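Read the structure below first, then the notes.
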Amino acid sequence: MSHALSLAREAERAGEVPVGAVIVKDGEIVGEGWNRPISTQDPTAHAEIVALRAAAQKLGSYRLLDTTLYVTLEPCAMCAGAMVHARVKRMVFAATDPRAGAAGSVFNVVRNDALNHRIHCESGLLADECSSLLRAFFLARRA
């Protein structure tokens, strides 16, 4: 998660919402990303999607079996759905998102029994640091 947090800081330096994501398989980082929708003019360029694309390319498969995705903010519905389709095994997120979180806060896409795959989820790892970064970013934006 500490690497995902450093990626979130990279997003912040680029003027993006500070979210970072890392995908690990067998102890090795196979994909990483930070938010880039503003700079790329791509509404799907969330940190998780960027990391999923990188991991799929590196592993040569759109199925990311036996991987863990670490992300600094609870995923939105789009990202949670993409993780389910990619068959990510486990997801660890830091800060909850009470407005758009899709891993239990608002929706629970990653554990929905109607879908053909469910992701094991954990939360709270470096939550204070990640939440503080997000709060400071949005306070500065509003100022």
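Some observations on this one:
- A count restricted to the stretch 1-27 and to residues that are under 16 Å from V71 (Cα atoms), of a type in the set (D, E, K, R) and either loosely packed, with under 13 Cβ neighbours inside 10 Å or touching a strand residue (DSSP E or B) at 6+ places or on another chain (Cβ under 6 Å) (or both) stands at 1.
- Among the residues of the stretch 86-139, the ones that are free of Cβ contacts under 8 Å to residues at least 12 places away in the same chain, among the aliphatic types (A, V, I, L, M) and open to solvent by 70 Å² or more (accessible area, probe 1.4 Å) come to 2 in all.
The values are calculated or read from the model by the stated rules, or taken from the named source; none is laboratory data. It should be emphasised that the depicted structure is a prediction, and the values quoted were computed from it without experimental measurement. When we count neighbours, we look across all protein chains shown, and the Cβ atoms used for this are built from the backbone with ideal geometry, even at glycine. Quick note on the areas: whole protein, heavy atoms, side chains included, nothing else; ligands and nucleic acids left out. Shrake-Rupley method; radii C 1.70, N 1.55, O 1.52, S 1.80 Å.
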